[in-house]
Amino acid sequence: MTPTQTLASSIADITQRAVSLCSAGQFADALPLVLPLLDDTALPNDRRADVLNIAGACSFMLHRVTDAENYWRQCLRLKPDYADVYASLGSLFRSLGRLSAAKAMYRQLVSLRPLDADAHHQLGCVLYGLGYQDEAEASHRQAVTLRPSHAEAHYSHGIVLRDLRRPHEAEAAYRHALLGLHGHAEVHNNLGSVLMELGRLAEADAAYREALTLKPQYPEALNNLGGVLKATQRLAEAELACRLALAIRPDYAEAHLNLGAVLMDLARVSEAEAAYREAIAHREHYAEAYYNLGIALFKQERFALAEQAYRDAIRWQPGLAHAHNNLGCVLRVFERFPEAIEAFRHALEVFPQLAQAHANLANALVQLRRFSEAEKAYREALALRADYGEARFGLAVLLLGMGRFEEGWQLYESRYEQPDFIHRKTRAMLSCPQWSGGALDGKSVLVWQEDGLGDMLQFGRYLALLKAQGAAHVAFACVPPLHRLMASVDGVDAVFDHSVALARASTYDCWTSPLSAPLYLRTTVDTIPRPVRFRIDSALVEQWRPALEKLPPGRRIGLVWKGNAKHHNDANRSIPSLATLAPLWSVPGLSFVSLQKGQGEDEARNPPATQPLLDLGTGVTDFADSAAIVAQLDLVICVDTSIAHLAASLGKPCWVMLPERDVDWRWMHERDDSPWYPHTLRLFRRAPDEDWAASIERVRQACVEW
């Protein structure tokens, strides 16, 4: 044996011993064996490369990462095609978070070993970490093509496919992974999340429970199980699952968020708020938690705080379209309509398909009287969601206000599809069919009040027309204050309260609302029927006459300055106080009579000394009384309330003071008269940014001219 052969044999023995020690995990013993060999200048390059690889491996396992990188880089300078070292450096760089460097290593490895499934898998993992999802998916797909049994690659492939919103493929990938990783709770958990996205909630529930069977202390699976339980309305169980997740990991921000969502569904809004605040405490920039916090605060009518929460959500995630949309809703509450419009437009820049933002934009544009833009926005909402009831109803109201009755009446029927409207409950309650415009010859019709008192007075004109269509019997179901007045209306055969009518509903051929009649009778602006003719009880006239005759000579004017406090727009349409009307008392020759019912009665009984007022409203029991009083007046001045319809129908001049915001569609737009009451009614509209005082001054001047 020559000396050279002896040396080679010795080196081989040392490296073999080092490799054996490494296999046994004894890296601290292996490293001193190979390091002296690196000082041997006679060591051939191939051998030196192997020794450097072993030294790098030992250093890496001993957490001497700088040394490991240096040894492996020296190795590659000696042997540039050393595939194992590229794999090792890729692993090192990946462990240090140096993903770009790891990517370069794995790309080189793949070029050297194109059929190495694990090399493609590792490259895919690094590409995914760098955000290159499409390239990562291709790498994982190549890995499982080369080795269909590569369970880890299937699992990684599923993760990428889910992020790429290809849930069906992701499910298949996870199920392939389970063939080799059935005992891995994480795969079951991720499969559950995909099944949740696919709407297969029972299967998702089973997957999460399997994950928890394998790993009971698994907060992510508990939180996800809470999500599926919430989606299936098992709210008590959902709350428990979230709280168990938090018991394991108290700083788990997502579980606090999920718990808050469950508590919101349980109507425990203040607790939900606390949960969202906990989520933010554990993750300062948690945009979704700020967004949900805004919802909870809005629900509690803490609008200023809700605004700030939505702004925080947007600050941390500008692309959160729903936060922009909800911010616009808060700004609309504050009547900051230009800002609201800007917020809705931001939402649509982020997510043009957000139908809700189109509809909300339309609502805000209506308030600024930008009607053509509002119509366009409503139609865009409906193009995205044809069944969007709120947008259909909003467009209906807009078109009716614009006098475009043909389409407006059709869309107005969408009120029966609105879950929060009483109309939907009417349809569910009544046991006879709803009239849809068919022939009424010889049929019995139940006309059902489901809207306000003023609506019934305005649309009572259609009762006689139903009879004229051939109806044999027309019964009107309404609240008691209307009974005496409506019993004398042409076309009405019977008047019931709602409970009696409900009990008899099955005996009628069909039912309808007075507000549906214009659709089926094809009412246009030019064919509006004349107002209903109310017959006034002469005995009631005589009953009220003595009080009115005590007034000084001159004109008698009825006043109503407040509407129903429960009306959604009462804050806008009611005048703050009787004192606001004081300028009217400066006009000589006028005496004022209060017709006020409900809120405002206290003021009517105790008017300011400078505003003498005959209070008759307090003694009124129903609309028959009111009609007997109005018949003896010269003029009625009121806000938008039922008395306006009564007075105008009775042929009395009636001046209606309309609010600046949310003017009811029946008064239409940009006109001071009404086609519903063409000779009796005059409208006084508040201009933008105008207060009631300016509007009342115009009424005062009109009194002087009158």
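Just so you know, all these numbers are worked out from the coordinates, no wet-lab data involved. Values in this document were obtained by computation on a predicted structure and should not be read as measured data. Please note: Cβ atoms are built from the backbone with ideal geometry, for glycine as well, and neighbour counts cover all protein chains shown.
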The summed charge of the Leu320 Cβ neighbourhood (under 13 Å; Lys/Arg +1, Asp/Glu -1) stands at -1
Within-12-Å neighbourhood charge of Arg234 [Cβ basis; K, R +1; D, E -1]: -3
Express the relative contact order of the chain as a whole percentage, based on alpha carbon pairs under 8 Å and six or more residues apart in sequence. 5 percent
How would region 161-297 be classified by its alpha-carbon gyration tensor: rounded, prolate or oblate, with rounded meaning a/c under 1.5 and the a/b versus b/c comparison settling the rest? prolate
Of Lys467/Lys652; Lys566/Lys597; Lys376/Lys425, which ones are farther than 20 Å apart at the Cα? Lys467/Lys652; Lys376/Lys425
Would you work out the relative contact order for region 538-705, in percent, from Cα pairs under 8 angstrom that are 6 or more residues apart? 24 percent
Which angle between 0 and 90 degrees, to the nearest 10, do you get for helix 3-23 versus the longest principal axis of the chain when only C-alpha atoms count? 30 degrees
Proximal charge balance of Val656 [Cβ under 11 Å; K/R count +1, D/E count -1]: 0
Report the relative contact order of region 430-527, percent, no decimals, based on alpha-carbon pairs under 8 angstrom and at least 6 residues apart. 42 percent
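Dipole of region 430-527, Cα-centred, from +1 at each Lys and Arg C-beta and -1 at each Asp and Glu C-beta, to the nearest 20 debye?
It comes to approximately 120 debye.
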Can you bin the chain into rounded, prolate or oblate? Criterion: square roots of the alpha carbon gyration tensor eigenvalues sorted a ≥ b ≥ c, rounded for a/c under 1.5, prolate for a/b above b/c, oblate for the rest. prolate
Peptides 73-81, 335-343, 420-428: what's the order by average Cβ count within 10 Å, highest mean first? 335-343, 73-81, 420-428
Region 633-706 shape via C-alpha gyration tensor axes, a/c threshold 1.5: oblate
Given 287-295, 224-232, the highest-first ranking by average Cβ count within 10 Å works out to 287-295, 224-232
Cα extents of region 348-475 along the three principal axes, largest first, in whole Å? 57, 28, 26
